[in-house]
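All remarks here apply to the structure that follows.
Please treat every number below as a calculation from the coordinates, not as lab data. Keep in mind it's a predicted model, so treat the numbers as computed, not measured. Here the Cβ positions follow ideal geometry from the backbone for every residue, glycine too, while neighbour counts run over all protein chains shown.
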Amino acid sequence: MKNSQSLKEFKKLNSEQITEKIDQLRKDLFDLRFKQATRQLNETHKFKIIKKQVAQLLTLSKSQSASQTTSD
C-alpha cells in the first residue's frame, strides 16, 4: 500500500525533480552501506525499499524521456 502511494507521488514529479530524488536516494543508500560496514545499521530492510524507489524513479525518467522524443 505504501509503495503504491510513493509511486503515485513519483508520477507527479517532473524530470528535474526525479533526477534530484534519484541523487538523494543514492546518497541515502551510500550512507546505509557505510553504516552497515561500521556495524551501526539496525534497519537493514531500508536497502530493499530505497533500491526499489530508485528503480521506479529511473523507469519513470526513461519513460518520460522516451515520450518527449516521440512527441518532438
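Can you count the Lys pairs in segment 7-69 with C-alpha separation below 15 Å, eight or more apart or on different chains?
16
Semi-axes of the equivalent ellipsoid of segment 7-69: what are they in whole Å, largest first, if each equals the square root of 5 times a C-alpha gyration tensor eigenvalue?
Whole-Å semi-axes of the equivalent ellipsoid: 27, 10, 8.
On C-alpha positions alone, give me the angle between the axis of helix 2-11 and the longest principal axis of the chain, in degrees, nearest 10.
Compared with the principal axis, the helix lies near 40 degrees.
Relative contact order for the chain: what is it in percent, counting Cα pairs under 8 Å that are at least 6 residues apart?
This gives 43 percent for the chain.
Using only Cα atoms, tell me the angle between helix 46-71 and the longest principal axis of the chain; keep it within 0 to 90° and round to the nearest 10.
Compared with the principal axis, the helix lies near 10 degrees.
Helix 15-37 sits at what angle to the longest principal axis of the chain, using alpha carbons and giving 0 to 90 degrees rounded to 10?
So the inclination is approximately 20 degrees.
Is it possible to state the helix-based mean residue ellipticity at 222 nm for the chain, with each DSSP H run of 4+ residues giving -39500 (n - 2.57), the sum divided by total residues, to the nearest 500 deg cm²/dmol? What is it?
-28000 deg cm²/dmol
Once the other residues with Cβ under 14 Å from the Cβ of Lys27 are scored (Lys, Arg +1; Asp, Glu -1), what is the net sum?
That sum, taken over residues with Cβ under 14 Å, equals +2.
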